[in-house]
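Notes follow once the structure below has been shown.
The values are calculated or read from the model by the stated rules, or taken from the named source; none is laboratory data. Computed from a prediction, not measured in an experiment: that's the story for all the values here. Cβ: placed from backbone, ideal geometry, glycine included. Neighbour counts: every protein chain shown.
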Amino acid sequence: MKHLKHSLRRLNLLQLATLALFTSGIPSLAHAHAVSGEASGLLHGLAHPIGGLDHVCAMIGVGLWAAQMGSANGRAVWLAPLTFVTVMALGGVLGMAAIPLAYTEQGIVMSLLVLGVLIAAAVRLPLLASSAIVGVFALCHGYAHGAEMPQDASGLAYAAGFMLATAMLHASGIATALFARSKGRTQWLRIAGAAIALCGGGIWFAV
């Protein structure tokens with residue numbers, strides 16, 4: 001438990017560092033907006049990930065799977081979410097720049113199906129493999145966020161918003177998994193994974 005708490009603290013610090021590096025490293029995305037535009041961009045960025053069931057399920061799912069894998073390798077608790085937020089930032093840049101990225105919507109739906117199955121089956125993969133899977137899905141989610149940025153919003157503020165919201169959703173998934181484990185109810189995670197996969201299946205047939 002101490003090891004997991006240490007990993008969670010490390011996760012929070014690394015996510016904040018990633019956010020700071022991102023917001024300071026791509027000034028080309030910052031336009032000459034008024035303060036109200038920056039505030040609007042931040043609020044739109046915060047709202048976008050939690051405004052769609054697909055994004056919410058996938059990002060909570062990353063947290064659940066990270067904590068689930070963390071029982072065998074503590075680094076997974078912070079590495080999987082950090083990978084997601086970092087690669088998602090890249091996807092956001094591509095979306096803001098309107099650079100074509102094929103099969104984005106399909107990738108978002110597949111993220112629910114794959115993550116849900118991995119959680120339901122309690123699959124533990126090597127860190128490199130799990131990071132690669134998370135990274136591919138993060139690129140799709142980030143692209144969707146960036147492509148749907150309001151025209152009058154500050155790019156930096158909007159990106160900061162959706163990155164922060166994503167980190168919070170990851171943290172909620174991790175906290176939920178740790179709570180279930182502390183209560184000896186690890187089967188709750190499998191049920192949650194199945195629910196995420198079913199949600200993905202429903203969205204797949206609905207579109």
**Request:** Pull up region 160-207, narrow it to residues that are crowded, with 16+ Cβ neighbours inside 10 Å and among the polar types (S, T, N, Q), then point me to the one that is nearest to the chain's Cα centre (by Cα).
**Result:** THR166
**Prompt:** Of the numbered conditions (1) more than 30 Å from ARG181 (Cα to Cα); (2) in contact (Cβ under 8 Å) with a residue 60 or more places away in the chain; (3) touching a Ser or Thr at 6+ places or on another chain (Cβ under 6 Å), THR86 satisfies every one except a single condition; which is it?
**Reply:** (1)
**Message:** Go through (1) at pLDDT below 95; (2) closer than 20 Å to ALA167 by Cα; (3) out of contact with any Lys or Arg (no Cβ under 8 Å at 6 or more places or on another chain) for ARG124 and report which single condition fails.
**Reply:** (2)
**Request:** Run SER154 past the list (1) at pLDDT 95 or above; (2) buried (at least 24 other Cβ atoms within 10 Å of the Cβ); (3) in contact with a Ser or Thr (Cβ under 9 Å, 6 or more places away or on another chain) and report the number of the one that doesn't hold.
**Result:** (1)
**Prompt:** How many of the residues in region 105-132 are buried (at least 17 other Cβ atoms within 10 Å of the Cβ) and under 18 Å from CYS199 (Cβ atoms)?
**Reply:** 13
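When you look at HIS141, is it closer than 20 Å to THR176 by Cβ and crowded, with 22+ Cβ neighbours inside 10 Å, yes or no?
Working: closer than 20 Å to THR176 by Cβ: yes; crowded, with 22+ Cβ neighbours inside 10 Å: yes.
Criteria met by HIS141.
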